[in-house]
Amino acid sequence: MIEVRLFAGLRQGREKIYHWEKGSICNVQDIMDRLGIQRKEVNILLINGFHQKPETEVRDGDIVSLFPAVGGG
């Protein structure tokens, strides 16, 4: 099972956490496509706490965290 955690604005209209069987999910881009999240919306992408790219393969037991760009000042 893969756990997907969404943060800040990426949660709008979506759940905070998803749990999916590996099945047809090969990489993080597959997850983003399934959730309707475009690459430009994601500023930080972590797998098990390490920075990765959308093309990175996911494995059973992984925790994927997606963060949008965060503004402030």
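The values are calculated or read from the model by the stated rules, or taken from the named source; none is laboratory data. Note that the coordinates shown come from a computational prediction; the quantities given were computed from them, not determined experimentally. Here the Cβ is made from the backbone with ideal geometry for all residues, glycine too, and neighbour counts use every protein chain on show.
Considering only residues that are under 11 Å from the mean Cα position of the chain (by Cα) and among the polar types (S, T, N, Q), look in the stretch 1-37 and name the one that is farthest from Phe67 (Cα to Cα).
By that ranking, first place goes to Asn27.
Could you check the stretch 43-54 and list, in sequence order, the residues that are surrounded by 11 or more Cβ atoms within 10 Å (Cβ to Cβ) and farther than 16 Å from Val70 by Cα?
Ile47, Asn48, Gln52, Lys53, Pro54
Please tell me if Ile2 is in contact with a helix residue (DSSP H, G or I) (Cβ under 8 Å, 6 or more places away or on another chain), of a type in the set (A, V, I, L, M, F, W, C) and modelled with pLDDT under 95.
no
Of everything in the stretch 1-22 that's assigned to a strand (DSSP E or B), touching a residue at least 60 places away in the same chain (Cβ under 8 Å) and out of contact with any Asp or Glu (no Cβ under 8 Å at 6 or more places or on another chain), which residue is farthest from Val58 (Cα to Cα)?
Arg5
With the checklist (1) surrounded by 13 or more Cβ atoms within 10 Å (Cβ to Cβ); (2) not in a loop (DSSP other than H, G, I, E, B) in hand, flag the one item Lys40 doesn't pass.
With respect to (1) surrounded by 13 or more Cβ atoms within 10 Å (Cβ to Cβ); (2) not in a loop (DSSP other than H, G, I, E, B), Lys40 is out only on (1).
Restricted to the stretch 23-68, and to residues that are polar (S, T, N, Q) and without any contact (Cβ under 8 Å) to a residue 24 or more places away in the chain, which residue is nearest to Ala8 (Cα to Cα)?
Checking each candidate, the answer is Gln38.
Select from the stretch 61-73 the residues that are farther than 13 Å from Leu6 by Cβ and surrounded by 10 or more Cβ atoms within 10 Å (Cβ to Cβ) and write down the one among them that is modelled with the lowest pLDDT.
If we take residues in the stretch 61-73 being farther than 13 Å from Leu6 by Cβ and surrounded by 10 or more Cβ atoms within 10 Å (Cβ to Cβ), then Val70 is modelled with the lowest pLDDT.
Any idea which of (1) touching a Pro at 6+ places or on another chain (Cβ under 8 Å); (2) crowded, with 17+ Cβ neighbours inside 10 Å is the one Ile25 doesn't satisfy?
Against the list (1) touching a Pro at 6+ places or on another chain (Cβ under 8 Å); (2) crowded, with 17+ Cβ neighbours inside 10 Å, Ile25 comes up short only on (1).
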